[in-house]
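The values are calculated or read from the model by the stated rules, or taken from the named source; none is laboratory data. Note that the structure is a prediction, hence the values are computed from the model and not measured. Here the Cβ is made from the backbone with ideal geometry for all residues, glycine too, and neighbour counts use every protein chain on show. Heads up: the accessible areas ignore ligands, DNA and RNA and are worked out on the full protein's heavy atoms, side chains in. Shrake-Rupley method; radii C 1.70, N 1.55, O 1.52, S 1.80 Å.
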Amino acid sequence: MSAYVKKHSFQEFSVKADDRADPARAQAARASASLTEALIASRPLPEREVLKSVRADLAAGENGRFKITAFIAAEMEKLRDADLPPYLFHRYRYDVWPAERKLDDYPPYLQLEPVSYCNYRCTFCFQTDRKYFKKNAENMGVMDPGLFREVLEEAAGKVEFFSIASRGEPLLHPEFGKLMAAVKPGRFLGLKINTNAAVLDDEKSRAILESGVSTLVYSADAATPALYAKLRVGGQLSRVQKNIERFQEIRAKEYPGSKIITRVSGVRVSSEQSIESMRSYWGSLADQVTFVAYNPWENIYEAAENGIAEPCSDLWRRMFVWWNGLVNPCDSDYKSMLAVGKWSAGGNSLSDLWKSERYQALRAAHLARRAGQAPCNRCSVV
């Protein structure tokens, strides 16, 4: 089995056509111009050396470790000049530090799970494990809005990149509006929601558009009803299309100044899929259309050991907070065999857990002999 490179999971990335020759180059030039000696000297001490590294890597071009990709350029275009230094600092931590096995007090990326269950059973997802993912099972639930708000309070100013999603469908949360009210505009530089859009209605659309969500990702893998139904079991393409069209209408009429990025993202699992058909079908309904590489994560507990020796970069890149506060290093381990503890206000903080003995032991195990760590020895993510 070949390794799944998490950092480079985009196989194809398409943005709406414009008249600019190279947006990534333009944003790289903008970043370089902003990182003057005086600017860097004015930033908080932890940022200074990183920003110097960003400037040097951009000057090195293709030889640099850090590069402005089309994906990063699209995010940067939405930012004010004043937001570029902190954005570049946190983006560098996410892109470069995991390869260097470098840590500081907080994870570069945090995933919060509002809901653990889902209304779909996609063929390539661990939700197909019906023995585990039962809505009324003890291990399933929804995050208390107070817990959601408290985790954000701790993370503010320390973690800039978030996904509001993990094992389940976040829009199924019965108090979704309260969650969005806690995500105040301008609070985080890169906050993303992943949704299948099956229950995206007017109320939820307005809650998202009034929040600080910067990217809304529609998980949709096909451009025909038959293929969609085959891959996204339980879903209906026409319903999802209608919901996304309505979101676009509300956005245009009621929130014309919104800077939110919308993206249709598919998992490449079939020869029937093509980026051309996806662009043709979804291109007018989203700012971006992408395919990500397929990661065979349906059930790593029953997979064969694969012999992959390279450590998993997520151990240095991401941390997951489940609906009940349980903290896990990844969502391939959907049964939480690798859980490092439980977040609690006044108890285990995000920083405590990120630097905990349990987390450090997992990192050491991967560096020494990943093949000896279950279930990581059956997972292909690096």
So if I take the alpha carbon set of segment 126-271, get Rg, then get Rh from the Kirkwood formula, what is the Rg over Rh ratio? 0.97
When only alpha-carbon atoms are used, what values of Rg and Dmax, in angstrom, describe segment 334-382? 12.3, 36
Taking just the alpha carbons, could you work out the radius of gyration and Dmax for the chain, both in angstroms? 20.2, 58
Using modelled backbone amide H atoms (1.01 Å from N, in-plane), which distant-in-sequence or interchain residues come within less than 5 Å of residue 341's amide H? 327
Checking 293, 345, 207 against a Gaussian network model of the chain (alpha-carbon springs below 10 Å), the top fluctuating residue turns out to be 345
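I need the calculated FRET efficiency for the pair residue 144 and residue 367, taking r as the beta carbon distance and R₀ as 35 Å, to the nearest 0.05.
On the way: r = 36 Å, r/R0 = 1.03.
Efficiency at R0 = 35 Å is approximately 0.45.
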Rounded to one decimal in nm, the spacing of the 7 Å Cα→Cβ label points at residue 100 and residue 276 is 4.3 nm
Please find, in a Gaussian network model of the chain (springs between Cα atoms separated by less than 10 Å), the residue of 310, 298, 100 whose mean-square fluctuation is greatest. 100
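Against the globular-protein guess of 2.2 N^0.38 Å, express the Cα radius of gyration of segment 235-280 as a ratio, rounded to two decimals. The partial results should precede the final answer.
Working: Rg = 13.4 Å, N = 46, 2.2 N^0.38 = 9.4 Å.
The value comes to 1.43.
On average, how much accessible surface per residue is there in segment 331-382, in Å², for a 1.4 Å probe, leaving out ligands, DNA and RNA? Spell out each step's value before the answer.
On the way: 2150 Å² over 52 residues.
Accessible area per residue: 41 Å².
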Expected unfolding gain across residue 41-residue 238 under the 0.36 nm per residue rule, minus the alpha-carbon gap, is 65.6 nm
Whole-Hz ³J(HN,Hα) for each residue in segment 234-246, computed from phi via Karplus 6.51 cos²θ - 1.76 cosθ + 1.60 with θ = phi - 60°, x for glycine and proline: what do you get? x, x, 9, 4, 4, 5, 5, 4, 4, 5, 5, 4, 5
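In whole percent, and with a 1.4 Å probe on the protein chains, what portion of the accessible area of the chain is carbon and sulfur?
Working: 8240 of 16290 Å².
Using a 1.4 Å probe with all protein chains present, the chain comes out at 51 percent carbon and sulfur.
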Here segment 41-58 yields Karplus 3J(HN,Hα) values (6.51, -1.76, 1.60; θ = phi - 60°; whole Hz; Gly and Pro given as x) of 5, 7, 7, x, 3, x, 7, 4, 5, 5, 5, 5, 5, 4, 4, 5, 5, 5
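Strictly over 22 Å apart at the Cα level, which of 6/192; 158/355; 6/78; 78/158; 6/178; 204/253 would you flag in this model?
6/78; 6/178
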What nm distance separates the two modelled labels at residue 59 and residue 250, each placed 7 Å from Cα along Cα→Cβ? 4.8 nm
Hey, what do the phi angles of segment 109-122 turn into as Karplus ³J(HN,Hα) couplings, whole Hz, using 6.51/-1.76/1.60 and θ = phi - 60°, x for Gly and Pro? 9, 10, 10, 9, 9, x, 9, 8, 9, 9, 8, 10, 10, 4
Can you find, among 68, 109, 86, the residue farthest towards the positive end of the dipole of segment 46-117? Put +1 on the C-beta of Lys and Arg, -1 on that of Asp and Glu. 68
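Under 8 Å for C-alpha pairs, at least 6 residues apart: give me the relative contact order for segment 1-147, rounded to a whole percent.
Details: 94 pairs, mean separation 26.9, N = 147.
Taking the mean separation of contacting Cα pairs over the length of segment 1-147, I get 18 percent.
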Result for segment 62-152: accessible area per residue, probe 1.4 angstrom, in square angstrom, of 42 Å²
If the chain between residue 227 and residue 10 were fully stretched, how many nm would it gain, using 0.36 nm times the residue separation less the Cα-Cα distance? 76.0 nm
Could you list which residues have their amide H under 5 Å from that of residue 163, counting only those 5 or more apart in sequence or on another chain, with H placed in the peptide plane? 110, 111, 112, 192
